[in-house]
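Input: a single structure, listed below in structure tokens.
The values are calculated or read from the model by the stated rules, or taken from the named source; none is laboratory data. Computed from a prediction, not measured in an experiment: that's the story for all the values here. A quick note on method: Cβ atoms are made from the backbone with ideal geometry, for glycine too, and the neighbour counts reach across all protein chains shown.
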Amino acid sequence: MIEQAYKIGESLGLSVWTQDEAGPFQTIPYAGHSWCSEGQPSCQPHEYVRNGTAKLLTLFHPADGQVRVKGVTSSSNAVLHPWLQQELSAILTDLPAPPKDLDPQTNRALWECWCDGLNSPLPLPDDLPPLRMLLVWDNLKGHKTPSVVAWLIQHGVMPLYTPLGGSWLNMAESIQRILKRRALAGQHPTEPDEIISWFEAVARAWNRNPTPFEWGGKRAARRERSRQRRHTLGGSGACTRRPVRRPRRTTIEKWRYSKQVTH
């Protein structure tokens, strides 16, 4: 479902966003490049003071590369949920208005198609608003709070949870790695506020010339062609590069087989 959301969600008129919380980031020296002269590298201290941590709340739109972030010292539900509702409300306001003559049965089918194959599909209410957005995020317990899920559905947002051990399906993690490298590489923050300000500054600079993200791409196409060239074997996930040769039947085995077929 998440792969389908990345591939065809925008073409169906749905805005596909991803959400994640990065961190915690400590007040320690971070390895990385610096703008020092050649032969005079910057030296990082071997001693540092633990002075708290910072986290980064992230909303990412892969279609155009826009990212919305907020640096915090805690990402509890009391912090995450209000920020998420505020940001999603602003995003929904800028989206095109949904069709007014949409048939209720068709609208429900659009919602339910994103629940096909799930062991525990979301309980959808009887009165459903038009579906306007798909939100990909982790399957943390706080993300499944009934009040938050109800708010999302009431505003036309369908949450898609990554499976256990499948956080790599969340594109927000990719943009977070880029922001972390640009904000903290070669730096030595001493306070969490410094980390927060650097992350938010890097995000503003990224949004001035964002790069859209595409699911799969050439690397995924190469992997698919490689899988098509392989020959699967029964009983496990093993495969071979060429088909396994079958032993040739002897003259006696052919005679016995023909007798079995005749009888």
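Being touching a residue at least 60 places away in the same chain (Cβ under 8 Å), part of a strand (DSSP E or B) and within 20 Å of L184 (Cβ to Cβ) is the filter here; which residues of the stretch 10-53 pass it?
Scanning the stretch 10-53 gives D20, A22, F25, T53.
Only one residue in L118, L56, L124, L95 is in contact with a Leu (Cβ under 9 Å, 6 or more places away or on another chain) and either polar (S, T, N, Q) or in contact (Cβ under 8 Å) with a residue 12 or more places away in the chain (or both), so which one is that?
Result: L56 is the single residue among L118, L56, L124, L95 that is in contact with a Leu (Cβ under 9 Å, 6 or more places away or on another chain) and either polar (S, T, N, Q) or in contact (Cβ under 8 Å) with a residue 12 or more places away in the chain (or both).
Restricted to the stretch 29-62, and to residues that are among the small types (G, A, S) and modelled with pLDDT under 90, which residue is farthest from H143 (Cα to Cα)?
So, considering only residues that are among the small types (G, A, S) and modelled with pLDDT under 90, the one farthest from H143 (Cα to Cα) is G39.
If I filter the stretch 1-33 down to residues being in contact with a Leu (Cβ under 7 Å, 6 or more places away or on another chain) and of a type in the set (V, I, T), which single residue comes out as farthest from N170 (Cα to Cα)?
V16
Do you know which of the residues in the stretch 56-67 that are buried (at least 20 other Cβ atoms within 10 Å of the Cβ) and of a type outside the set (V, I, T) is farthest from the chain's Cα centre (by Cα)?
The residue in question is L56.
Please find, among P163, P130, the residue that is over 12 Å from the mean Cα position of the chain (by Cα) and either of a type outside the set (F, W, Y) or modelled with pLDDT of 85 or more (or both).
So the residue among P163, P130 that is over 12 Å from the mean Cα position of the chain (by Cα) and either of a type outside the set (F, W, Y) or modelled with pLDDT of 85 or more (or both) is P130.
Would you call V148 within 18 Å of the chain's Cα centre (by Cα), surrounded by 12 or more Cβ atoms within 10 Å (Cβ to Cβ) and either under 21 Å from S11 (Cβ atoms) or of a type outside the set (D, E, K, R) (or both)?
So V148 fails the test.
Do the conditions hold for K100, that is, is it modelled with pLDDT of 80 or more and of a type in the set (D, E, K, R)?
Answer is no for this residue.
Among all residue pairs at least 6 apart or on different chains, which show Cβ distances below 7 Å where the first residue, located in the stretch 136-149, is over 16 Å from T58 (Cα atoms) and the second is crowded, with 17+ Cβ neighbours inside 10 Å and hydrophobic (A, V, I, L, M, F, W, C)?
V149/L122
Answer with yes or no whether P99 is loosely packed, with under 15 Cβ neighbours inside 10 Å and closer than 20 Å to V148 by Cα.
no
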